[in-house]
Amino acid sequence: MPQMRIGLVGAGVIGRTHAATIAANQDCTLAAIADPSEAGRALAGELGAAWYPDLPAMLDGETVHGVIVATPNDLHLPNALAAMARGIAVLVEKPVTTTVAQGEALAAASLSYGVPVLVGHHRRHNPIVSTAKRIVAEGALGELATASVLYAHAKPPEYFTLAWRREPGGGGPVLINLIHEIDLVRFLCGEIASVQAITSSARRGFAVEDCAAVALRLESGALVTISLSDCAASPWSWDLAVQESPSYPPQPVPVQTHFLCGTKASLALPTLDFWSYDGRPDWFAPIRQQSLAVARGNPYQHQLRHFLDVIRGSAQPLVSAADATRTLRATLAVHQAAASGQAVDVASSFGGA
Ligand SMILES: NC(=O)c1ccc[n+]([C@@H]2O[C@H](COP(=O)([O-])OP(=O)(O)OC[C@H]3O[C@@H](n4cnc5c(N)ncnc54)[C@H](O)[C@@H]3O)[C@@H](O)[C@H]2O)c1
């Protein structure tokens, strides 16, 4: 089968991860990079890909079967639309767009053009997550009662030399990191009905938060809490626990970051420790622990393989634009809830029904 030709728009931090992921896949090739920066041009030269200053120029000059949009957030929508208008499937990075209205516009365009959009919530492609999803869906936990997530790590001062990372609109761990937790909660535990939240910028003093405490009520009635910080000297963060990027050093011991507690049994991630009773659940009876083995896998490679299937038409996007817009809506509701001090009904927020 001929190799798929992929065009990459935006060759920054995550764009480079996509470029390396494409290089490691035999079924596709990096045909071209569109990025106006000198660094983007240099990367194209290093990788033997064509270079263009922007996506329209790339689409005029190259035949590509799929486009990966890894630009700053405000350019996700126009770039995705430009590719889709030519019938080209798109993998667009998270957040799908900057506003719910834009996300809905992208989802509507996907339907009207008949062109699929996959959104880069890459964690869903992690084999640990697919295994956890299967365990929950099979009912092994019974009914979910509560879940708790700890996402705490230390971003060094140099991370914040880029101004946008200190400013509302794109910066802050709610939009950058919590959105992955919200997506995982939706994927594993079910839809979010309402959000309550407190945020704080007390540790760094930037305009954006450095900590958040979030409480979610799910449509099922289950309750979820998420504790978030990007200024904590802590190993308890998904990215570090699963060593999502080779830039993170291995943990000296396995740590757990997600705790799903059901009426029959409970599950901790990423270790997939399954806790259950032989008989009726009873805190006076012995509880049994099993570690469910799963092969570790690189979620970006799994995501790319899935994108190739989406391009071929043999798979529907695991994370569609409409799905990712629901994640965005619930994430933006965290800021709204923190600002108002009120619980936010997710379905009716941001112009919802
Ligand atoms: N899935 C993940 O884990 C993950 C991780 C990091 C970033 N992201 C997302 O990826 C996107 C990019 O983030 P980043 O950290 O790589 O940013 P970055 O600033 O490192 O890179 C952005 C790149 O886009 C280029 N660019 C700017 N305008 C452009 C244009 N008009 N056409 C083409 N290229 C243009 C810039 O020159 C830069 O090289 C963001 O939406 C971010 O939220 C996702």
Any idea how many residues of region 187-202 are touching an Asp or Glu at 6+ places or on another chain (Cβ under 8 Å) and either surrounded by 20 or more Cβ atoms within 10 Å (Cβ to Cβ) or more than 30 Å from Leu118 (Cβ to Cβ) (or both)? 6
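Of everything in region 78-107 that's open to solvent by 10 Å² or more (accessible area, probe 1.4 Å) and over 25 Å from Val185 (Cα atoms), which residue is nearest to the ligand (Cβ to nearest atom)?
Keep residues of region 78-107 that are open to solvent by 10 Å² or more (accessible area, probe 1.4 Å), which gives 78-79, 81-82, 85-88, 93-94, 98-99, 101-102, 104-105, 107.
Remaining after also requiring over 25 Å from Val185 (Cα atoms): 78-79, 81-82, 85-88.
Values: Pro78: 8, Asn79: 7, Leu81: 13, Ala82: 10, Ala85: 16, Arg86: 16, Gly87: 20, Ile88: 15 Å.
The residue in question is Asn79.
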Would you mind telling me which numbered condition in (1) among the charged types (D, E, K, R); (2) touching a His at 6+ places or on another chain (Cβ under 9 Å); (3) modelled with pLDDT under 95 Arg123 fails? (3)
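Would you confirm, using the coordinates I've provided, whether Ala207 is outside any loop (DSSP other than H, G, I, E, B), of a type in the set (Gly, Ala, Ser) and either in contact with a Cys (Cβ under 7 Å, 6 or more places away or on another chain) or within 25 Å of Gln342 (Cα to Cα) (or both)?
Values: outside any loop (DSSP other than H, G, I, E, B): no; of a type in the set (Gly, Ala, Ser): yes; either in contact with a Cys (Cβ under 7 Å, 6 or more places away or on another chain) or within 25 Å of Gln342 (Cα to Cα) (or both): yes.
When the stated conditions are applied, Ala207 does not pass them.
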Extreme residue, nearest to the ligand (Cβ to nearest atom), among residues of region 21-56 that are open to solvent by less than 10 Å² (accessible area, probe 1.4 Å) and in contact (Cβ under 8 Å) with a residue 40 or more places away in the chain: Leu55
Within region 1-20, identify whether any single residue is within 11 Å of the ligand (Cβ to nearest atom) and without any contact (Cβ under 8 Å) to a residue 24 or more places away in the chain, and answer yes or no. yes
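In this structure, is Leu304 touching a Cys at 6+ places or on another chain (Cβ under 9 Å) and either open to solvent by less than 60 Å² (accessible area, probe 1.4 Å) or touching a residue at least 40 places away in the same chain (Cβ under 8 Å) (or both)? Full working, then the answer.
Details: touching a Cys at 6+ places or on another chain (Cβ under 9 Å): yes; either open to solvent by less than 60 Å² (accessible area, probe 1.4 Å) or touching a residue at least 40 places away in the same chain (Cβ under 8 Å) (or both): yes.
Yes: the conditions hold for Leu304.
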Tyr113: within 22 Å of Leu318 (Cβ to Cβ) and of a type in the set (Ser, Thr, Tyr), yes or no? yes
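Considering Thr146, Thr71, Thr161, Thr131, which residue is assigned by TED's automatic domain parsing to the domain that holds His258 and touching a strand residue (DSSP E or B) at 6+ places or on another chain (Cβ under 6 Å)?
So the residue among Thr146, Thr71, Thr161, Thr131 that is assigned by TED's automatic domain parsing to the domain that holds His258 and touching a strand residue (DSSP E or B) at 6+ places or on another chain (Cβ under 6 Å) is Thr146.
Consider region 153-173. How many of its residues are touching a Leu at 6+ places or on another chain (Cβ under 7 Å) and either open to solvent by less than 10 Å² (accessible area, probe 1.4 Å) or of a type in the set (A, V, I, L, M) (or both)? Show your work before the answer.
Residues of region 153-173 that are touching a Leu at 6+ places or on another chain (Cβ under 7 Å), as a first pass: 153, 173.
Narrowing the set further to residues that are either open to solvent by less than 10 Å² (accessible area, probe 1.4 Å) or of a type in the set (A, V, I, L, M) (or both) leaves 173.
Number satisfying all stated conditions: 1.
Out of the residues in region 122-164 meeting the condition of being outside any loop (DSSP other than H, G, I, E, B), touching a residue at least 24 places away in the same chain (Cβ under 8 Å) and within 14 Å of the ligand (Cβ to nearest atom), tell me which one is farthest from Ser245 (Cα to Cα).
Trp164
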So, Ser266, is that one farther than 18 Å from Leu332 by Cα, of a type in the set (S, T, N, Q) and crowded, with 17+ Cβ neighbours inside 10 Å or not? yes
Could you check, for region 222-234, whether at least one of its residues is within 16 Å of the ligand (Cβ to nearest atom), assigned to a strand (DSSP E or B), closer than 25 Å to Ala324 by Cα and open to solvent by less than 60 Å² (accessible area, probe 1.4 Å)? yes
Pair list, Cβ under 6 Å, 6 or more apart: region 98-113 residue in the same structural domain as Gly87 (by TED's automatic domain parsing), other residue modelled with pLDDT under 95 and in a helix (DSSP H, G or I): Thr98/Asn73; Thr98/Asp74
I need a count of the residues in region 235-244 that are open to solvent by 30 Å² or more (accessible area, probe 1.4 Å), within 14 Å of the ligand (Cβ to nearest atom) and in contact (Cβ under 8 Å) with a residue 24 or more places away in the chain. 1
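The values are calculated or read from the model by the stated rules, or taken from the named source; none is laboratory data. For clarity, every value in this text was computed on a predicted model and none was experimentally measured. Please note: Cβ atoms are built from the backbone with ideal geometry, for glycine as well, and neighbour counts cover all protein chains shown. We work out accessible area using only protein heavy atoms, side chains counted, and drop any ligands, DNA or RNA first. Shrake-Rupley method; radii C 1.70, N 1.55, O 1.52, S 1.80 Å.
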